[in-house]
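Shown next, in structure tokens, is the structure this report addresses.
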Amino acid sequence: MSSENLILVPNVVSSIALIIFLVGRFQVKRNLQLHIKLMSTAMIIDVLLVVALVITRNALGTVISGDMSGMLLIHVPIAISTVIGYGFATYFGLKLKKGQRQYLKHMRITDKVVVPLRILNTTTSWLLLV
Ligand code: HEM
């Protein structure tokens, strides 16, 4: 693969994870087991992607040094908030799985925050390349 195409790999991975995420999101009422599997898969891909970007592109170094500009200043806070949201979704999801229905309202609120954030995450990752 040429280096020009290689630069697109994280964005393509992020887009595939977004599709898995959205399909999983809309399986709640149809197939709960599939919902759980797809949400978990999408979140794992996202976390591995962040780890890969930290290792291969020194993403953490860029953030810590404050050497960010333009779209990165928008993308990074969205990406961090998304991962924090994943923590809540996993926590409430596991409670619901155990039958603790009182967490349904927490999951609904988390959903209203995480879904827009996750869409913005991939959108801003593409805008970084414009
Ligand atoms: C970012 C990830 C996730 C999002 C956005 C999400 C979203 C949702 C939404 C919108 C609901 C339905 C609430 C309602 O009925 O109005 C729900 C229900 C549920 N989710 Fe998730 N979820 C996520 C991750 C997970 C994970 C990781 C698990 C399991 C470990 C899980 C397990 C469940 C369960 C068990 C229910 C309850 C369904 C029911 O009893 O009616 N979710 N989720």
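Each reported figure results from applying straightforward, stated rules to the coordinates on display, with no laboratory input. Just so you know, these numbers come straight off a predicted model, no measurement behind them. Here the Cβ positions follow ideal geometry from the backbone for every residue, glycine too, while neighbour counts run over all protein chains shown.
Here are a few things to note about the model shown:
- Mean separation of Cα contacts under 8 Å (6+ apart) over length of the chain, as relative contact order %: 25
- Calculated FRET value between M1 and I84, using beta carbons and R₀ = 25 Å, to 0.05: 0.15
- Cα centroid separation - segment 49-80 against segment 84-130, whole Å: 21
- Within the listed set L72, L117, L96, the residue fluctuating most in the Gaussian network model of the chain (springs between alpha-carbon atoms under 10 angstrom) is L96.
- Approximate spin-label separation V113-K98, in nm, with each point projected 7 Å along Cα-to-Cβ: 2.1
- Cα-based Rg of the chain normalised by 2.2 N^0.38 Å, two decimals: 1.13
- Using the Cβ-Cβ distance between L34 and T123 with R0 = 25 Å, the FRET efficiency computed as 1/(1 + (r/R0)^6) comes to roughly 0.50.
- Helix axis angle, 9-25 relative to the chain longest principal axis, alpha carbon, degrees: 10
- Those trypsin sites (Lys or Arg not before Pro) in segment 48-113 that DSSP places in a loop and that have at most 13 other beta carbons within 10 Å: K98
- Least to most buried among Y103, Y91 (fewest other Cβ within 10 Å first): Y91, Y103
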